[in-house]
Amino acid sequence: MTIDADRRRASSRFRAQHAIVVIHVKHRWLDGQGEDLVVVVSLREETWWSYQLGFPVAGSWLEVFNSDLYDGWVNPMVAGNGGRIDANGPPLHGFPASAAIVIPANGLVVFAKQ
């Protein structure tokens, strides 16, 4: 399931500023193939819990990368999305769907359309 390429180009970036904290979000895809990715970066010192974020396509998204998880090292305080989220919320940030996500402190998370 994909959305029109022109709309994607028009809404492929979102940037929210909270006091001095900036969250940067990128939406990437392959024209004609979909393979949508949403990349979220935060340099905030605390974890964002239940952060409402717009998504370009409604439905299930896999959390394919979370900088709070380490191979071979057990992080006792991992902040993440349990491997997936459901973007079934109302339109937000110029996108047709939204979801509440967890963004780890000083973290990077990547979601791929399932």
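The values are calculated or read from the model by the stated rules, or taken from the named source; none is laboratory data. Note that the structure is predicted; figures quoted are calculated from it, not measured. A quick note on method: Cβ atoms are made from the backbone with ideal geometry, for glycine too, and the neighbour counts reach across all protein chains shown.
Overview of values
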item: Residue that is modelled with the highest pLDDT [pool: residues in region 52-96 that are farther than 13 Å from Val38 by Cα and crowded, with 18+ Cβ neighbours inside 10 Å]; result: Asn81
item: Residue in region 41-49 that is small (Gly, Ala, Ser) and at pLDDT 75 or above present; result: yes
item: In region 61-114, residue farthest from Thr47 (Cα to Cα) [restricted to those that are assigned to a strand (DSSP E or B) and among the β-branched types (Val, Ile, Thr)]; result: Val64
item: Residue list for region 37-62, restricted to those being among the hydroxyl-bearing types (Ser, Thr, Tyr) and under 13 Å from the mean Cα position of the chain (by Cα); result: Ser42, Ser50, Tyr51, Ser60
